[in-house]
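Visitor: First the structure, then my questions, so here it is.
The values are calculated or read from the model by the stated rules, or taken from the named source; none is laboratory data. Computed from a predicted model, the values in this text were never measured in an experiment. Methodologically, a virtual Cβ is constructed for each residue, glycine included, from the backbone with ideal geometry; neighbour enumeration extends over all protein chains shown.
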Amino acid sequence: MRFMRICLLAVLVAASSPLGATEPYNLIFKKGTLSDLSPETVLAYERTVTAPANPRMSERNTGLVRLTFEPEDMARLKFYQGKRHRNIGSFPATVGNPMILYFVETVVREMAQNTGGSSFYIRNRVKDALISKAEIRNGTVVHDGAEVSVSRITLRPFLNDKNRDRMRGYEDLALTITMSEDVPGWYFSLEAQAGGKDGSAPIYTNALKLVPEEGTR
């Protein structure tokens, strides 16, 4: 994952967000979500990707993403599969948790690979969905053995897209972000799913879930 490509998404979203942005945008891109964490903290997210038509994608991209802190208020993301790992990039920790940027960019890239579509077009539609009104649902989840309150937002970037009939099953792609003040780093889970309607199996899923894997280093 190229750092500049993720930063480009952030710039596009920020540039398109009007003054007094909608509540969903402010929740999804909440600032300061890493500010109260110790520099020794490690946040770990299980990443599970399924794409039955592209098993290599599933094998390559299922693993663990770790967020660690570095000097000068930077946060670094690395992807792990057993003893192997690869660097994702470093980001200003003062802005917020970069997991949302990583999640969105991987969804864009993987959808483009699986459909043969334009990553630029897909990214722009996702960007539009991120700054549009969306339903906010409240609920509870269990994290680290405790029940916590969460807010959940689901975005459907292609719901009214003029090119829906060319999306090869991704026209109903849904991105669901689950957030809570009671979990470190704000994001409890980030999930994308395409297909799976009427009881059929999804043709693609991309899920990141915070796990109490390390705590501190």
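Visitor: Here's a check for you: in the range 109-159, which residue that is in contact with a Ser or Thr (Cβ under 8 Å, 6 or more places away or on another chain), basic (Lys, Arg) and more than 23 Å from Ser58 (Cα to Cα) is surrounded by the fewest Cβ atoms within 10 Å (Cβ to Cβ)?
Guide: Per the stated criteria, the residue is Lys133.
Visitor: If a residue has to be surrounded by 14 or more Cβ atoms within 10 Å (Cβ to Cβ) and out of contact with any Phe, Trp or Tyr (no Cβ under 7 Å at 6 or more places or on another chain) to count, how many in the range 93-108 make the cut?
Guide: Count: 9.
Visitor: Of these, Asn54, Asn61, which one is under 30 Å from Gly82 (Cα atoms) and either at pLDDT below 95 or surrounded by 18 or more Cβ atoms within 10 Å (Cβ to Cβ) (or both)? Steps first, please.
Guide: Values: Asn54 fails: either at pLDDT below 95 or surrounded by 18 or more Cβ atoms within 10 Å (Cβ to Cβ) (or both).
One residue alone meets the criteria, Asn61.
Visitor: Condition first: charged (D, E, K, R), outside any strand (DSSP E or B) and touching a Ser or Thr at 6+ places or on another chain (Cβ under 8 Å). Now tell me which residues in the range 32-55 satisfy that.
Guide: If the condition is that a residue be charged (D, E, K, R), outside any strand (DSSP E or B) and touching a Ser or Thr at 6+ places or on another chain (Cβ under 8 Å), then Glu40 is the only one that fits.
Visitor: Still on this model: Is it true that some residue in the range 91-109 is within 16 Å of the chain's Cα centre (by Cα) and in a strand (DSSP E or B)?
Guide: yes
Visitor: Looking only at the range 180-215, how many residues end up being touching a strand residue (DSSP E or B) at 6+ places or on another chain (Cβ under 9 Å) and either part of a strand (DSSP E or B) or within 21 Å of Arg164 (Cα to Cα) (or both)?
Guide: Number of matching residues: 25.
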